[in-house]
Amino acid sequence: MFSFSFSDQDFLAPRCVWVNGPVIVGAGPSGLAVAAGLKGQGVPYVMLERADCIASLWQKHTYDRLKLHLPKQFCQLPNFPFPENYPEYPNKKQFIDYLESYARQFNISPQFNECVESAKYDEACRLWRVKTVSTNGSTRSEVEYICQWLVVATGENAERIMPDIEGLQNFGGEVIHACDYKSGENFRGKNVLVVGCGNSGMEVSLDLCNHDAKPSMVVRSSVHIMPREIFGKSSFELAMFMLKWLPVWLVDKILLFLTWMILGNIEKYGLKRPSVGPLELKNTQGKTPVLDIGALKRIRSREIKVVPGIKRFSCGMVELVNGEQLEIDSVVLATGYRSNVPYWLQETEFFSKNGFPKAPFPNGWKGKSGLYAAGFTRKGLSGASADATRISQDIAKVWKEDLKQKKQKVPTHRRCISTF
């Protein structure tokens with residue numbers, strides 16, 4: 001990596017840095033896995049991270065009771081298994097410890113507090129220009145990185161989704177997104193409206209119950225709820241096993257039958273199932289089924305109240321689409337996340353407007369002109385690991401070929417002199 005300085009009259013211009021390898025944007029699990037793969041093949045890189053730590057989503061924007069939803073063998077990063085003493089479903093702290101151990105093992109040192117403002121491919125010089133802004137206290141500096149390869153590893157959940165609901169600004173009570181929710185300790189005895197019924201909405205509602213709050217959960221649309229385990233085996237593991245031999249539609253039918261046997265009819269509780277099976281829905285729309293870890297029991301006992309969509313908020317109140325009005329103290333918006341790629345990457349051929357690669361898995365990891373995407377598979381950590389392995393191998397192949405050609409162009413006597 002080389003830095004080019006400017007004259008005094010150009011002190012306002014950004015510093016320009018040549019990177020002899022790829023720039024990786026994002027130090028979450030996907031970016032770490034790409035960096036480890038490159039490190040193993042001797043390829044230099046620069047990793048940029050807007051936060052002050054690795055895996056900032058996990059470290060700063062998840063609730064305390066969070067555990068991995070899938071068994072640990074499906075969540076480990078390449079060439080680094082979880083410790084044997086970890087449980088099958090590691091908790092938040094254990095997973096963060098695992099990621100930090102991963103970074104130490106592969107000597108990964110991101111450049112923290114450096115936010116990418118734009119990245120654009122320069123057709124004239126056939127290189128990527130990545131402009132960043134970093135802050136250190138009151139000091140603000142700008143840098144432009146020039147590189148041959150750009151790895152986008154900012155992930156599927158880079159930015160929270162804040163819905164525009166009529167009257168919410170006039171509600172008057174506490175309103176937070178699920179990414180800022182830590183535990184139900186501060187909500188004891190309160191009536192809390194949880195907006196959203198995905199895995200986060202279900203777990204937040206369950207956690208509120210465990211802390212003697214009174215949650216009402218908004219369920220606007222259909223949702224697949226499945227047991228986390230079937231006959232002592234992970235539902236995900238069972239599905240992956242069946243997919244080796246059976247088509248998706250048949251595996252969906254088997255899973256739904258087994259789910260009905262274990263959970264019974266859940267529609268009478270206001271939880272309607274989609275017409276499309278859980279695996280097909282995940283593959284086509286990216287919607288993850290809810291893996292139940294106790295919320296359904298609380299729904300059956302009415303400790304978690306299921307309510308329909310919201311019409312409007314007013315001071316201390318919410319009116320639902322069925323005309324019912326509820327007095328509430330707080331609102332937790334479990335309304336999901338989105339990619340932030342469209343805000344900074346100036347490219348429209350590989351990425352779509354929603355910030356995901358246009359090509360579906362497993363072909364969404366490589367674009368043109370040295371552009372790569374890691375962690376946008378909608379297949380969790382296993383998909384991110386698969387992306388990272390392909391990306392690091394692909395870049396290493398080209399990098400080594402380029403290095404070999406450059407060495408062949410250097411005269412023999414110069415190569416000998418340089419060894420002293």
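Annotations
- GNM top mover of Trp365, Trp149, Trp249 - the chain, alpha-carbon springs below 10 Å: Trp249
- The Cα center of region 165-189 and the Cα center of region 349-389 differ in position by 34 Å.
- Within the full protein context, the accessible area of Val25 is estimated at about 10 Å² for a probe radius of 1.4 Å.
- Apportionment of accessible area to carbon and sulfur, the chain, percent (1.4 Å): 51
- Extreme residue, positive dipole direction of the chain, given options Ala386, Ala55, Tyr121 (C-beta unit charges): Ala386
- Magnitude of the charge dipole for the chain, about its Cα centre and with charges confined to Cβ atoms of Lys, Arg (+1) and Asp, Glu (-1), is about 1200 debye.
- Sorting 402-408, 108-114 by average packing, meaning the other beta carbons within 10 Å per residue, from highest down gives 108-114, 402-408.
- Length, then width, then depth: along the principal axes, the Cα atoms of region 24-109 run 36, 27, 17 Å.
- Annotated for region 1-148: lysine pairs at least 8 residues apart or interchain, Cα distance under 19 Å, count 7.
- All other residues whose Cβ lies under 13 angstrom from that of Phe361 are scored, Lys and Arg at +1 and Asp and Glu at -1, for a net of +4.
- Over region 134-208, accessible surface divided per residue gives 42 Å², non-protein components excluded, 1.4 Å probe.
- Principal-axis analysis of the Cα atoms of the chain puts helix 29-40 at an angle of about 30° to the longest axis.
- Take every pair of alpha-carbon atoms less than 8 Å apart whose residues are at least six positions apart; their mean separation over the length of region 109-233 yields a relative contact order of 14 percent.
- Estimated FRET transfer efficiency when R0 is 25 angstrom, pair Lys233-Arg302 (beta carbons, to 0.05): 0.20
- Applying 0.36 nm per residue to the separation of Arg140 and Gln393 and subtracting their alpha-carbon distance, the gain on full extension is 87.5 nm.
- Peptide packing: for 184-197, 308-321, 135-148, the average count of neighbouring Cβ atoms within 10 Å per residue gives the ranking 184-197, 308-321, 135-148, highest mean first.
- Rounded to the nearest 10 degrees, the inclination of helix 248-263 to the longest alpha-carbon principal axis of the chain is 40 degrees.
- Helix-only arithmetic for the chain: the sum of -39500 (n - 2.57) across DSSP H runs with n ≥ 4, divided by the residue total, places the mean residue ellipticity at 222 nm at -9000 deg cm²/dmol.
- Database remark: amide H of Leu127 closer than 5 angstrom to the amide H of Asp122 (H placed geometrically; neighbours at sequence offset of 5 or more, or on other chains; Pro and chain starts carry no H).
- Accessible area (Å², 1.4 Å probe, nearest 10) - Trp399: 40
- Considering only the chain, percent of DSSP beta bridges that pair antiparallel, nearest 5: 50
- For the chain, the relative contact order is 21 percent, taking Cα pairs closer than 8 Å that sit 6 or more residues apart in sequence and dividing their mean separation by the residue count.
The values are calculated or read from the model by the stated rules, or taken from the named source; none is laboratory data. These numbers were taken from a predicted model, which means no experiment stands behind them. Cβ coordinates were reconstructed from backbone atoms using ideal geometry, including for glycine residues, and neighbour counts include every protein chain displayed. These area figures cover heavy atoms from the full protein model, side chains too; ligands, DNA and RNA do not enter into them. Shrake-Rupley method; radii C 1.70, N 1.55, O 1.52, S 1.80 Å.
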